[in-house]
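Working notes, beginning with the structure itself.
Read-outs throughout are calculated quantities, based only on the coordinates presented, and are distinct from any laboratory measurement. If you're wondering where the values come from, they're calculated on a predicted model, not measured in any experiment. Glycine gets a Cβ as well: all are built from the backbone with ideal geometry, and neighbour counts include every protein chain shown.
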Amino acid sequence: MSLDCSRSAQPQTALDMIPYMDAVRAVTGKMPEKPRCFVLTFGCQQNVADSEKLAGMAVDMGYQIIDIPEGADLILVNTCAIREHAEQKALSVVGQYKHLKEKNPALIIGICGCMVAQEHRREEIKKSYPYVSFVLCTSVLYRLPQYLAEVMEKGKRILRGEEEHTVAEGAPIRRESTYRASVSIMYGCNNFCSYCIVPYVRGRERSREPAAVIAEVKDLVARGYKDITLLGQNVNSYGKDRADGYAFPQLLADLDKIEGDYTLHFMTSHPKDATRELVDVMAASRHVAHSFHLPLQAGSDRILTLMNRHYDCAKYLDILDYMREKMPDIAVTSDIIVAFPTETEAEFEQTLAMLRRARFDMIYSFIYSPRKGTPAAKMEGQLPHSVSADRMGRLLALQNEIADAANSRLVGGTVRVISEGVSKNDASVYTGRTDQNKIVFFKEPVPEGEWAFVKIDRAAAFALYGTVEK
Ligand code: SF4
């Protein structure tokens, strides 16, 4: 699978879009009421961060952001391609917007993100969704003003796949939270894990300039943001596309020098690139949270090879043990895929054995599902649902025991949390997250975005319960 793309190796800035922004503003400025834009996001934290840029550009061009699609003049659907199900869901939602277009023929609908990087999806949109005005691939999201201006001026649909090997700087961002923020430090992925679509839809790795990342984090800290997550498909390979050897540990160390009351997280890491140097920087830092998301995926070296992961269980445990030696309070979370093609019962048992050995605080677990266009989708030995469902059940039962025991060790101690305000599921309690990303419930009111120290009274596999200390 490839993009029928125009490639550019030149650095770009969103400032190149100024003439197009002016052109769109000239249209929105003449509308009798301030036009409305609805942004719907599917998928990962990177997509959420991308949507904040889409919304920021829309606001800059004269739109107001609304929470529902009804009444919108511009709808942007930011899609995910990680699973077939995510794509079907996005297309079904876009199908529901047909009646909005019938009611308001001036409505512009754009589909953005990973799904539209795939040629077969663009073809499908061209034929089956004639009311969609444009598709916008991830590496050119900053071109939203240009696409909008072209749609407004020429009334033509834009359905091309575009990929640029660039890092666009300077796009406005409309952040959803006043205390928690994501900062993309790099884009794309070079790893081609055999089950994963991401390298095909997000292109090759491109690192942002350290100065740009540092300036963005400095600005966030100055504006009172307390919980900042550095994002990339594989943050550990940050800087590998640079000539000067400046890499992720240096970036983390430089960010840690910023004075202020904040915590730094990062995700996602790849075990083949996670180094002792990085662990040393974390252990010596003032602001980097003692939490690490390190996807294991499987406990069998044969399956890891089939997955094209480029590490084995021994290497994984080596870096894990070093982390725990340097930071005994670290929380480690992981991703596990069960029932990868040809996985035997004995190999699945090896995954369970790795869980017992690694004692993750939490895992995100997935039943393997084939993605069109990836090598694993063509492999022999795809396993039936009865096998994968059984393995998933056993995996979760074991992990619940492990997480329960890990959280129980915190009972009686005090943790620092950042409050997320009143719980969405129970208005009588407040929730917060520890630096290790654990969810804590407490009764005492703490305003959203404020730190609190909470004494832990009780623990379960997925949450802690406590009392705020005065
Ligand atoms: S590291 Fe592997 S799993 Fe992660 S985005 Fe890249 S290819 Fe996909």
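Placing a pseudo-label 7 Å from each Cα along the Cα-to-Cβ vector at Lys98 and Glu123 gives an inter-label distance of 2.1 nm.
What is the gain in length, in nm to one decimal, between Arg302 and Phe453 on full extension, counting 0.36 nm per residue of separation less the C-alpha to C-alpha distance?
Numbers: separation 151, 0.36 × 151 = 54.36 nm, distance 4.51 nm.
Extra length available between Arg302 and Phe453 comes to 49.9 nm.
Among the listed pairs Lys53/Lys89; Lys315/Lys455; Lys101/Lys154; Lys326/Lys443; Lys34/Lys98; Lys326/Lys470, those with a Cα-Cα distance over 27 Å are Lys315/Lys455; Lys326/Lys443; Lys326/Lys470. Put +1 on the Cβ of each Lys and Arg and -1 on the Cβ of each Asp and Glu in region 414-468; which of Val417, Phe462, Phe442 then has its Cα farthest toward the positive end of the dipole? Most positive-ward Cα: Phe462.
A simple spin-label model places the labels of Gln382 and Ser428 4.9 nm from each other, with each point 7 Å out along Cα-to-Cβ. In order along region 365-379, the phi-based Karplus estimate (6.51 cos²θ - 1.76 cosθ + 1.60, θ = phi - 60°) of 3J(HN,Hα) comes to 10, 9, 7, 4, 9, x, 10, 3, x, 9, x, 5, 5, 9, 5 Hz; Gly and Pro are listed as x. Database remark: amide H of Ser423 closer than 5 angstrom to the amide H of Val429, Tyr430, Thr431 (H placed geometrically; neighbours at sequence offset of 5 or more, or on other chains; Pro and chain starts carry no H). Rounded to the nearest 0.05, the FRET efficiency derived from the C-beta distance between Glu153 and Arg286 at R0 = 60 Å is 0.70.
A P(r) calculated from all alpha carbon pairs of the chain, with 20 Å bins opening at zero, reads 22, 55, 23, 0 percent. Near the amide H of Ala171, within less than 5 Å, lie the amide hydrogens of Ala14, all on another chain or at least 5 residues away, with H placed in the peptide plane. Peptide packing for 293-299, 412-418, 375-381, 357-363 was compared via the average number of neighbouring C-beta atoms within 10 Å per residue; ordered from the highest value, the list is 293-299, 357-363, 412-418, 375-381. Pairs of lysines in region 177-277 whose Cα atoms sit within less than 17 Å of one another amount to 4, provided the residues are eight or more positions apart or on different chains. Over 18 Å, how big is the tail of the calculated P(r) for region 292-366, in percent of all Cα pairs? Tail fraction, whole percent: 34. Name the shape class, rounded, prolate or oblate, that the alpha-carbon gyration tensor gives for region 414-468, where a ≥ b ≥ c are the square roots of its eigenvalues, rounded holds for a/c under 1.5, and otherwise prolate holds if a/b is larger than b/c and oblate otherwise. Judged from the Cα gyration tensor, region 414-468 comes out rounded (a/c under 1.5).
Rg/Rh for region 12-154 (Cα atoms only, Rh after Kirkwood) is 0.94. Between the C-alpha center of region 283-315 and that of region 371-417 there is a gap of 15 Å.
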